Amino acid sequence: MIVGIDLGTTFSLISYVNSSGTPTLIPSKRDPQRFQTPSVVHIGDRGAIVGDLAEELLQEEPALAVSRFAKLSMGQPGKVALTDHLGQAYTPEAISALVLRKLKEDAEAALSEPITGAVITVPANFNDAQRQATVNAGRLADIPVLGLVEEPLAAATFFGLNTKGGERLIFVFDIGGGTLDATILSATPEGLYAIATEGADNIGGKNFDELIMGIVADQFRGQYGTDPRNDPEGAQRLRHFATQSKIALSAPGANVISKPVILGGKSLRVTFNRAQFEAAAEPWLEACQEVCERALKSQSLAWDNIDELILTGGSSLVPCVERKVREMSALQPARIRREQPHASIAYGAALLAEQFYGAKKTAAPPLKQQVTSNELGLRVFDPKERKPVFHAMIEKNVPVPTTAKQTFYTQKAGQTSLSIELLQRKDPFTPPETLGQFTFGPIRRPESGHPVSIEMGYDGTGRVSVTAADGRTGESVAREFSKQAEADLTAMYALLQKVPVRA
């Protein structure tokens with residue numbers, strides 16, 4: 001069985017396409033009425049506790065060390081997401097792998113057959129290191145990752161956009177627990193084509209939770225003179241209280257939160273209203289608008305050019321978020337759609353898994369094109385500026401898979417080798433990040449201006465290939481780049497095999 005997985009910042013879901021071609025969520029084997037798995041992990045002497053059980057345990061023992069939001073820090077070499085009771089460190093990829101393993105076990109229990117492959121969704125704004133880290137997390141969970149697909153494209157696929165009657169421009173506003181994506185697609189009779197994407201990996205539901213945490217902390221400080229966020233147990237209870245308050249305040253007709261909370265053994269009657277929350281949220285709402293405007297500007301578009309807007313992601317249910325999108329787009333209500341914002345990405349992932357790798361027929365429109373979310377290039381010496389600079393070879397928002405080829409020249413006579421450093425960059429205002437480097441050589445006839453041809457390829461899954469060839473002899477060296485060393489993955493895999501998962 002092949003499946004689609006929405007590996008979310010705060011919640012994760014798994015789905016498959018049934019025999020009638022309909023995407024279907026797979027429930028937790030612990031609770032058949034639950035489909036969302038909190039992306040929360042605790043590792044202790046009882047093994048790994050994942051999902052709802054970890055959340056429940058936190059309510060009983062708030063001081064326990066847990067990993068939240070591990071997805072956001074994947075792809076950073078040396079990053080530690082959690083240290084267990086024995087002092088063993090776990091990477092963000094390992095934590096995500098434990099969430100994936102739990103989803104895999106749920107699916108195999110529900111479907112009574114093994115999972116043979118999965119399409120996993122990623123934020124459109126994920127860089128190449130984060131994408132490869134997602135593939136690695138699947139490997140650590142013993143899930144064959146067939147491919148990655150960007151979350152807004154999965155949502156658009158689920159919506160089953162009507163692609164008949166000529167080209168239409170679709171804007172997908174996807175805001176989840178920790179990331180925001182703004183993606184523009186062209187819907188044609190042939191299928192869906194992504195043409196531009198922008199995003200932010202620091203805007204989402206957790207920001208709104210933290211705003212409420214700040215409001216409550218101010219009231220607590222006013223009464224007791226201390227900040228409950230400085231106490232690990234108090235911070236855990238406060239985060240849970242804030243999340244539940246945000247959900248309650250987002251319900252139709254809800255305007256005031258007034259209820260008690262116990263933090264650090266001290267009771268507080270918390271009272272605040274929707275207006276206070278929305279005033280605190282305004283900077284984040286402005287940041288949402290800036291991301292959307294960048295996406296439009298990249299293609300010289302305006303909101304008037306957009307035919308339909310899709311709202312998806314759990315945080316799109318926050319009233320001030322929806323209102324901000326409606327105000328900034330000024331689109332007629334009939335042109336703005338939102339259906340099952342928590343599940344649409346998982347549904348779309350399952351449809352795309354079947355579309356690309358399965359045999360079941362579905363009514364979903366074919367996804368024809370994804371685009372690069374970052375610039376890829378090399379560090380080269382600029383003789384005018386007389387210093388090394390970033391030189392883009394693959395631009396942002398270029399259809400993938402893609403290749404680029406260019407000839408470079410040595411700077412001095414007697415130069416027998418060339419150092420090739422691969423870089424990625426989100427935009428011209430962000431410093432580039434090194435993906436890896438290698439040395440090309442020996443150069444047989446090392447005169448100044450010796451040509452070296454560089455070909456770069458990218459398939460959208462996080463692996464970048466670079467081939468350097470001597471422009472005169474044709475001798476070449478090829479490399480594939482991944483941010484995580486194979487030896488590190490092997491060691492972490494061996495460690496995780498010893499960690500039972502309780503969910």
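Where a number appears in this text, it was derived from the coordinates with a stated rule and is not lab data. Everything numeric here is computed off the predicted structure, so don't read it as measured data. Neighbour counts are summed over all protein chains in view; Cβ atoms, including those assigned to glycine, are modelled from backbone coordinates with ideal geometry.
Evaluated with a Cβ-only charge set (Lys, Arg +1; Asp, Glu -1), the stretch 132-248 carries a dipole of roughly 260 debye about its Cα centre, given to the nearest 20. Across all directions, the shadow cast by the convex hull of the stretch 297-358 built on its C-alpha atoms averages 5.5 square nanometres.
In a shell of Cβ-Cβ distance under 13 Å around SER267, excluding SER267 itself, what net charge do Lys and Arg (+1) and Asp and Glu (-1) give? Don't skip to the answer; put the middle values down first.
Numbers: positive: ARG237, LYS259, LYS266, ARG269; negative: none.
Charge balance in the 13 Å sphere: +4.
Applying the criteria of a DSSP loop state and at most 16 other Cβ atoms within 10 Å to the GluC sites (Glu not before Pro) of the stretch 310-412 yields GLU339, GLU385, GLU395. Summing charges over neighbours of GLY441, with a neighbour being any other residue whose Cβ is under 15 Å away from its Cβ, gives +1 when K and R count +1 and D and E count -1. For the chain, the longest principal axis of the C-alpha atoms and the axis of helix 486-496 are separated by about 20°. Stokes-Einstein diffusion for the stretch 375-472, with the hydrodynamic radius set to the Kirkwood value over Cα pairs and evaluated at 25 °C in a medium of 0.890 mPa s, equals 173 µm²/s. Cross-link reach is defined here as a Cα-Cα straight distance under 19 Å, omitting same-chain residues fewer than 8 places apart; for LYS104 the aspartates and glutamates meeting it are ASP6, ASP31, ASP52, GLU93, GLU113, ASP142, GLU354.
Lys and Arg at +1, Asp and Glu at -1: add these up for the other residues within a Cβ distance under 11 Å of LEU317 and post the number. Write out the running numbers ahead of the final one.
Values: positive: LYS246, ARG338; negative: GLU322.
Computed value for this residue: +1.
With the simple model of a label 7 Å out from the Cα in the direction of the Cβ, LYS368 to GLU293 spans 3.2 nm.
Taking the square roots of five times each eigenvalue of the Cα gyration tensor of the chain, the equivalent ellipsoid has semi-axes of 39, 28, 25 Å, listed largest first. Our helix-only sum for the chain, with -39,500 (n - 2.57) per DSSP H run of n ≥ 4 divided by its residues, gives a mean residue ellipticity at 222 nm of -9500 deg cm²/dmol. For the stretch 439-477, the residues whose amide N sits under 19 Å from a probe point set 7 Å from the Cα of LYS412 along the beta carbon direction are 439-452. When the chain is described by a simple charge dipole with +1 on each Lys and Arg Cβ and -1 on each Asp and Glu Cβ, the residue from PHE440, GLN219, PRO77 located farthest towards its positive end is PHE440. For the stretch 187-265, GluC sites (Glu not before Pro) meeting the loop criterion (DSSP other than H, G, I, E, B) and having at most 14 other Cβ atoms within 10 Å: GLU190.
Within the stretch 419-463, which chymotrypsin sites (Phe, Trp or Tyr not before Pro) sit in a loop by DSSP and count at most 15 neighbouring Cβ atoms inside 10 Å? Don't jump to the answer; show the numbers that get you there.
On the way: sites: PHE429, PHE438, PHE440, TYR458; in loops: PHE429.
Qualifying residues, ordered by number: PHE429.
Over the chain, calculate the relative contact order: mean separation of alpha carbon pairs under 8 Å at least 6 apart, over the residue count, as a percent.
Working: 1104 pairs, mean separation 86.9, N = 503.
Averaging sequence separation for qualifying contacts and normalising by length gives 17 percent for the chain.
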